[in-house]
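Chemist: Take this structure first; my questions come after.
The values are calculated or read from the model by the stated rules, or taken from the named source; none is laboratory data. Computed from a predicted model, the values in this text were never measured in an experiment. Neighbour counts are summed over all protein chains in view; Cβ atoms, including those assigned to glycine, are modelled from backbone coordinates with ideal geometry.
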Amino acid sequence: MPHNKRPQLVVLISGSGSNLQAFIDASKNGSLDADIAAVISNKAGVMGLERADNAGIANEVIDHKQFADRESFDAELADRIESYKPDLVILAGFMRILTPEFVDRFAGRIMNIHPSLLPKYPGLHTHKRAIEAGDTTAGVTVHFVTSELDGGPAIIQAEVPILPGDDEDTLASRVLVQEHQIYPLAAQWFCEGKLSLNDGTPELNGEPLPISGTKFCSEKSYSNK
Ligand code: GRF
């Protein structure tokens, strides 16, 4: 059997999986030179699992509610992930806080996407908080995962304007368009060996990245008309 040399990804989800879909599409069209070995969800019946099925990708549910505590869930999750021997683990809307023990097992090869311009607005309801604060821009950050929630070193950020009349939903959909571009791109850099985490500092092409990561320049122009 020919040896499959494409880097292997495991994607963790809890919901809609639109970022997962961006990875599926990028893996198919070649802009991401990697295979999705498996998708794991902590929730049954979510749309992301349907997306995995439609793409013929192995998928499974590990329901956190079936475990006595966070540690035992994380231990099982980590074992299941490792069974697929991934080069990189992708958190894509995975709504569970991970224990330091879990994060340590995948240190330097696990990424998350967070819908804010970190370090602003870690946690939930990022778009609502940005609108309520009167911010004029919002955005999204891809970062390496550390045990600090939404606190790991940033890889890439994309910024979008907050337009008059925006609500959480209109802003979220504007941000998602950017999410779907920058997340597979960050993974591709990692898979190509251009991006790594060295002693807690992300390096792209051998150069340390600025504190908020590299900026993604979208060609899209925005208007609320
Ligand atoms: C995205 O907004 C992502 O930034 C956040 O959770 C959401 C997941 O959306 N971490 P989807 O499931 O990929 O559609």
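Chemist: So which of LYS128, LYS120 ends up being of a type in the set (Lys, Arg), in a loop (DSSP other than H, G, I, E, B) and either within 12 Å of the ligand (Cβ to nearest atom) or farther than 17 Å from LEU12 by Cα (or both)?
Modeler: On the way: LYS128 fails: in a loop (DSSP other than H, G, I, E, B).
Exactly one of LYS128, LYS120 is of a type in the set (Lys, Arg), in a loop (DSSP other than H, G, I, E, B) and either within 12 Å of the ligand (Cβ to nearest atom) or farther than 17 Å from LEU12 by Cα (or both), namely LYS120.
Chemist: Among the residues of the range 147-158 satisfying the criterion of being in contact with a helix residue (DSSP H, G or I) (Cβ under 6 Å, 6 or more places away or on another chain) and over 20 Å from LEU171 (Cα atoms), which is modelled with the highest pLDDT?
Modeler: Of the residues in the range 147-158, the ones in contact with a helix residue (DSSP H, G or I) (Cβ under 6 Å, 6 or more places away or on another chain) are 147, 155-156, 158.
Then keep just the ones that are over 20 Å from LEU171 (Cα atoms); that gives 147, 155.
Working: SER147: 85, ILE155: 98.
Within the range 147-158, the match that is modelled with the highest pLDDT is ILE155.
Chemist: Identify all residues within the range 91-116 that are under 17 Å from the mean Cα position of the chain (by Cα) and either more than 12 Å from the ligand (Cβ to nearest atom) or farther than 25 Å from GLU168 by Cα (or both); write none if there are none.
Modeler: In the first step, residues of the range 91-116 are kept if they are under 17 Å from the mean Cα position of the chain (by Cα); the result is 91-98, 102-103, 106-116.
Of everything in the range 91-116, those that are under 17 Å from the mean Cα position of the chain (by Cα) and either more than 12 Å from the ligand (Cβ to nearest atom) or farther than 25 Å from GLU168 by Cα (or both) turn out to be ILE97, LEU98, PHE102, VAL103, PHE106, ALA107, GLY108, ARG109, ILE110.
Chemist: What is the number of the single condition among (1) within 12 Å of the ligand (Cβ to nearest atom); (2) under 27 Å from GLY134 (Cβ atoms); (3) out of contact with any Lys or Arg (no Cβ under 8 Å at 6 or more places or on another chain) that VAL145 does not meet?
Modeler: (2)
Chemist: Now for a different question. In the range 125-146, what count of residues is obtained for those that are under 25 Å from ALA75 (Cα atoms) and at pLDDT 95 or above? Talk me through it step by step, then tell me what you get.
Modeler: We begin by selecting, within the range 125-146, every residue under 25 Å from ALA75 (Cα atoms); these are 142-146.
Remaining after also requiring at pLDDT 95 or above: 142-145.
Going through the range 125-146 one residue at a time, the tally reaches 4.
Chemist: With the structure loaded, tell me whether PHE73 is buried (at least 21 other Cβ atoms within 10 Å of the Cβ) and more than 17 Å from the chain's Cα centre (by Cα) or whether it fails that test. Don't jump to the end; show me each part of the working.
Modeler: Details: buried (at least 21 other Cβ atoms within 10 Å of the Cβ): yes; more than 17 Å from the chain's Cα centre (by Cα): yes.
Against the criterion (buried (at least 21 other Cβ atoms within 10 Å of the Cβ) and more than 17 Å from the chain's Cα centre (by Cα)), PHE73 qualifies.
Chemist: Would it be correct to say that SER31 is under 21 Å from VAL140 (Cβ atoms) and within 16 Å of the ligand (Cβ to nearest atom)? Steps first, please.
Modeler: Numbers: under 21 Å from VAL140 (Cβ atoms): yes; within 16 Å of the ligand (Cβ to nearest atom): no.
No; evaluated as a whole, the condition is false for this residue.
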